[in-house]
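What follows is one structure encoded as structure tokens, with my remarks underneath.
The values are calculated or read from the model by the stated rules, or taken from the named source; none is laboratory data. Quick caveat: nothing in here was measured; it's all calculated off a predicted structure. Every residue, glycine as well, gets a Cβ built from its backbone with ideal geometry; the counts of neighbours run over all protein chains shown. Protein only, heavy atoms only, side chains kept; ligands, DNA and RNA dropped before computing areas. Shrake-Rupley method; radii C 1.70, N 1.55, O 1.52, S 1.80 Å.
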Amino acid sequence: MIPNIEFFALDAPIPSERGGKAPVPNVPEWAARDYGNRVGIFRLMKVLDRFGVRATAALNSDVCENHPHIIREALARNWEFMGHNQSNTTRLNAVPPGAERTVIADTLSTIAAATGIRPKGWLGAGLQETWSTLEHLADEGVQYVADWVNDDQPYTMTLPRGRRMTSIPYSTQINDKPVFERFHHTADTFRDMICRQFDVLYEEGGDSGRVMAIALHPYVSGVPHRITALSEALAHISGHSDVWMATGGEISDAWRRHCEVNSSARE
């Protein structure tokens, strides 16, 4: 479960999948997102609490200063945090040349200072990277990245100088933002999509484990008319045995142990 906890500045353009930039201030778009940080995130927390889910929050580091109450509540639930840029108004491939390393380092340091734990994972804002992103992340001690939405299992990415990064599955399909904002599906349809995705991966998991990522945005799924459908989907998932409600870090650690054991066996 990956709540994307994001900060959008009122005095900066909000990125749009449709292209173009609305004038600033863009009150309707900004206010909807601010609703997520004022109200929606706490609805999501209650649902996840009900099913004993420890989430992996993709966190804009600017949230630490602007919404410290969210950090406190997430820490009380022992959530994991992965870096998600400083804010969601700027993507890594849109910063000036040479600034990306600083953005990554500052994001991770700010989250570490606010939570007491330096993130071991990363999800780029908008899933955007440059040719240098993975190396910068490795320089900062990041162990896994979720931008590469091309598998249902973890895999190892080989970087220059013999370094390695684990790719952890994220989803642009089981993801409330495109489901509701791009394809205009209903909450019941999103619930059914989650259940069907789970059923297929659960069956395949009998042969080899699968990772199911459910990506949520508090201002999208945290509204009253959608929250019940999410709860119903989690009830379906939790009604099955042998389901590991893991965090990204736990999955990454398990994958790395698996690789080490297999490597030792080959030797």
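Couple of notes before you dig in:
- None of Val142, Val103 is out of contact with any Leu (no Cβ under 6 Å at 6 or more places or on another chain) and assigned to a helix (DSSP H, G or I) except Val103.
- Candidates in the stretch 95-108 are the residues that are of a type in the set (Val, Ile, Thr) and more than 17 Å from Tyr144 (Cβ to Cβ); of these, the one that is surrounded by the fewest Cβ atoms within 10 Å (Cβ to Cβ) is Thr102.
- Every residue from the stretch 187-219 that is under 29 Å from Ala125 (Cβ atoms) and open to solvent by 80 Å² or more (accessible area, probe 1.4 Å): Arg196, Arg210
- Within the stretch 141-170, the residues that satisfy the criterion of being open to solvent by 30 Å² or more (accessible area, probe 1.4 Å) and farther than 20 Å from Phe81 by Cα are Asn150, Asp151, Asp152, Gln153, Tyr155, Thr156, Thr158, Pro160, Arg161, Gly162, Arg163, Arg164.
Condition check ((1) among the β-branched types (Val, Ile, Thr); (2) surrounded by 15 or more Cβ atoms within 10 Å (Cβ to Cβ); (3) at pLDDT 95 or above) across all residues:
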site: Thr110; (1), (2), (3): yes, yes, yes
site: Ile117; (1), (2), (3): yes, no, yes
site: Thr133; (1), (2), (3): yes, yes, yes
site: Asp139; (1), (2), (3): no, no, yes
site: Gln173; (1), (2), (3): no, no, yes
site: His184; (1), (2), (3): no, no, yes
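- Looking across Ala215, Ala235, Ala229, one residue alone is modelled with pLDDT of 95 or more and over 22 Å from Gly248 (Cα atoms). It is Ala229.
- All positions within the stretch 180-230 that are under 18 Å from Met1 (Cα atoms), touching a residue at least 60 places away in the same chain (Cβ under 8 Å) and assigned to a helix (DSSP H, G or I): Pro218, Tyr219, Val220, Ser221, Ile227, Leu230
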